[in-house]
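Shown next, in structure tokens, is the structure this report addresses.
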Amino acid sequence: DIEQRGLFVTSLEGPELTLRLHDLFRDFLEDRLGRELPAELPGLLQRAAAGEEDTVRRIGYLVRAGAVDEAAAQLCEAGPALMTRGAITPVLRMIEQFPPAQRDGPQLQLLRGQGSWALWDFDAMCEAMHAAAAGFARRGDRAGEQSALAYEALALSGAYRRAEAEALLTRLQAEALPDPTLACVRHVGVWQALDWGPLDELAPRFDRELELAER
């Protein structure tokens, strides 16, 4: 009857009848809940998160419930796949929802930098990866620091800050690097050959990057 009368709901496609409240009506009900039963709201939001299949909605519920550490961990795990599927702006918006203690942490800054790369915003990528590297260094996480520095070198190269990129690459190439970080370093080398030459180095550098990525 609710569906037939169109009472503030939308019918979702699926094997069974599922109704979703219109945004304005849901906002009205949540505002009323917050005023009338504020003590119960965090627990209800966490229950909603536990049953929510949509990653963006689930993380939003957790942030609103105050479970920010859990929300950050879920976003860091799911964020790269979400951005690969095209949800770049929603991921970046979610990062901004977090309190500074989580938002400025190295994992979310790394994710922010990756999102900025997907948007070709190399200045924002430089800022985020530099912050991520510093945060990992403070924690004594050398592998995390190396990964962020490799991305920072990529951002510097993309921003045509060649001398800074090469200085960072020289520093990284003197160290033992995990394969994903080394692949990023080799990718920077491909970009440099494409932008500044020598062009006869482009194919061999790309071949080395591809070989590592395939392995």
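The values are calculated or read from the model by the stated rules, or taken from the named source; none is laboratory data. What you see is a predicted model; the values in this text were computed from it and never measured. FYI the Cβ positions are ideal-geometry reconstructions off the backbone, even for glycines, and counts take in every protein chain you see. For accessibility, only protein heavy atoms count, side chains too; no ligands or nucleic acids. Shrake-Rupley method; radii C 1.70, N 1.55, O 1.52, S 1.80 Å.
The angle between the Cα long axis of helix 202-214 and the longest principal axis of the Cα atoms of the chain comes to about 50 degrees, rounded to the nearest 10. Projecting label points 7 angstrom from Cα along Cα→Cβ for Glu30 and Ile2 puts them 1.7 nm apart. From the Kirkwood radius over Cα pairs of region 1-69, Stokes-Einstein at 37 °C and 0.692 mPa s returns a whole-number translational diffusion coefficient of 245 µm²/s.
In this simple spin-label approximation, Asp104 and Asp123 carry label points 7 Å from Cα along the Cα→Cβ vector, and these lie 2.1 nm apart.
Exposure check, 1.4 Å probe, all protein chains in place: Phe8 carries approximately 110 Å² of accessible surface. The ellipsoid that matches the Cα gyration tensor of region 107-204 has semi-axes, each √(5λ) in whole angstrom, of 22, 16, 11, with the longest given first. Gyration tensor over the Cα atoms of the chain: the corresponding equivalent ellipsoid has semi-axes (square roots of 5 times the eigenvalues, largest first) of 43, 20, 14 Å.
Springs join every pair of Cα atoms under 10 Å in this Gaussian network model of the chain, and among Asp195, Asp23, Asp69 the largest mean-square fluctuation is at Asp23.
Given springs between every Cα pair under 10 Å in a Gaussian network model of the chain, which of Leu172, Leu149, Leu111 has the largest fluctuation? Maximum fluctuation in the GNM of the chain, among the listed residues, is at Leu172. Principal-axis analysis of the Cα atoms of the chain puts helix 106-118 at an angle of about 80° to the longest axis.
For region 1-49, the dipole from Cβ point charges (+1 on Lys and Arg, -1 on Asp and Glu) about the Cα centre works out to 100 debye, to the nearest 20. One compactness figure for region 61-116 is 1.00, namely its Cα radius of gyration divided by 2.2 N^0.38 Å.
Counting only protein heavy atoms and using a 1.4 Å probe, the accessible area of Glu96 comes to about 110 Å². Compared with the dominant Cα axis of the chain, that is its longest principal axis, helix 88-97 is turned about 70°.
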